[in-house]
Amino acid sequence: MSAAATATRPAGSRRRVRRFLPPQHGAWAMLLLPYTVGVALVGPRWPQLPLLGAWLAGYLLSYYAFQAIKTRRPRRFAEQLLVYGLVAAPLAVVVLLARPAVLWYAPGYAALLAVNAGYAWRRRERALLNDLASVAQSCLLVFVLATIAGVPLAEVAPAFLALLLYLVGTVFYVKTMIRERGDAGYLRLSIGFHAVALLAAAGLDLLLAPVFLLLLIRAAALPGRGLRPARVGMIEIGCSLLVLAVVLIAF
């Protein structure tokens, strides 16, 4: 086999992998942070494993479904939709059979996904409300995990609120760093939200106050410094891990 053929095969494999993985690197922290917090708070249960698979495959399925809606070219994404649909559906059925009570969350998720679909149809998937709908879907997973474990929702509600405050703040902050860079009004909105989030988090537990103060400082100090998106992402991964650690200590 020639060297050119050998080089072409890995390149082709990489292209195929990229076809099945969306370029939304920041989404993974948002997907995994509430799941990790929920499992740690309620304790391990076997349906959490198929739930994780269904959750991740469902996200990938929804991403390509919204791409199909946005482009009006569903055939272009038929392979991805088929693969992730075949993975997500049976895993979701396993979870439903194990804990039918999770069906109570279906209307909420359906409504939030409808918001995403509407913005995809209008090709405005970067809109603030669209991002907030995705954050709500992610944070609701804490309640889903509590329901699977038979834990009262009130026990995980403070953690849910802390994660919601963090992830909503991250939406504002990241927009000031990339999409809304240089917009003074958006920067004021981001800083204002982080200040309110600091007060709210301190009301939930004083252990959260130093972390949310740090988040407020980063929201005020980093915009305008010309950081590349990769650097912004790395900083946010560190913030996510810090929030994870403190939320688990606090609750």
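On the principal axes of its alpha-carbon atoms, the stretch 45-148 has extents of 39, 29, 16 Å, going from largest to smallest.
Could you give me D for the stretch 113-249, from Stokes-Einstein at 10 °C and 1.306 mPa s, where the hydrodynamic radius is the Kirkwood radius over C-alpha pairs? Units µm² s⁻¹, please. Here the translational diffusion coefficient equals 100 µm²/s.
Averaged over its residues, the chain has an accessible area of 53 Å² per residue, based on protein heavy atoms and a 1.4 Å probe.
Using a probe of 1.4 angstrom, how much of the accessible area of the stretch 14-101 is carbon and sulfur, in percent? Here it works out to 70 percent. Neighbours of GLY238 by Cβ distance under 14 Å: Lys/Arg scored +1, Asp/Glu scored -1, total +1.
Couplings for the stretch 86-99, taken from phi via the Karplus curve 6.51 cos²θ - 1.76 cosθ + 1.60 with θ = phi - 60°, read 5, 7, 5, 4, x, 5, 5, 5, 4, 5, 5, 5, 6, 9 Hz in order; Gly and Pro are left as x.
Pairs of C-alpha atoms in the stretch 84-131 farther apart than 13 Å represent 66 percent of all such pairs.
Applying the Karplus relation 6.51 cos²θ - 1.76 cosθ + 1.60 with θ = phi - 60° to the stretch 69-84 yields 3J(HN,Hα) values of 5, 4, 8, 6, 10, x, 5, 4, 10, 4, 5, 5, 5, 5, 4, 6 Hz, where x marks Gly and Pro. Couplings 3J(HN,Hα) of the stretch 48-55, computed from phi: 5, 5, x, 4, 4, x, 5, 5 Hz, in residue order, whole Hz [Karplus 6.51 cos²θ - 1.76 cosθ + 1.60, θ = phi - 60°; x for Gly and Pro]. Share of carbon and sulfur in the accessible area of the stretch 151-201 stands at 70%, probe radius 1.4 Å. For the chain, what log10 I(q)/I(0) values come out of the Debye formula at q = 0.08, 0.10 1/Å, with one point per alpha carbon and no solvent? Results for the chain at q = 0.08, 0.10 Å⁻¹ read -0.35, -0.55. If you wrap the stretch 25-91 in the convex hull of its Cα atoms and look at it from every side, the mean projected area works out to 4.9 nm². If you run the Gaussian network model on the chain, springs between alpha carbon atoms under 10 Å, then out of ALA68, ALA127, ALA200 the most flexible one is ALA127.
The listed residues MET30, MET177, MET234, once ranked by accessible area (1.4 Å probe) with the largest placed first, stand as MET234, MET30, MET177.
Other residues whose C-beta falls under 11 angstrom from the C-beta of ILE69 contribute a net charge of +4, scoring Lys and Arg +1 and Asp and Glu -1.
The values are calculated or read from the model by the stated rules, or taken from the named source; none is laboratory data. Keep in mind the model is a prediction, meaning the values are calculated, not measured. Here Cβ is always computed from backbone atoms with ideal geometry, including for glycine, and neighbour counts include all displayed protein chains. Areas reflect the complete protein model, heavy atoms only, side chains present, ligands, DNA and RNA absent. Shrake-Rupley method; radii C 1.70, N 1.55, O 1.52, S 1.80 Å.
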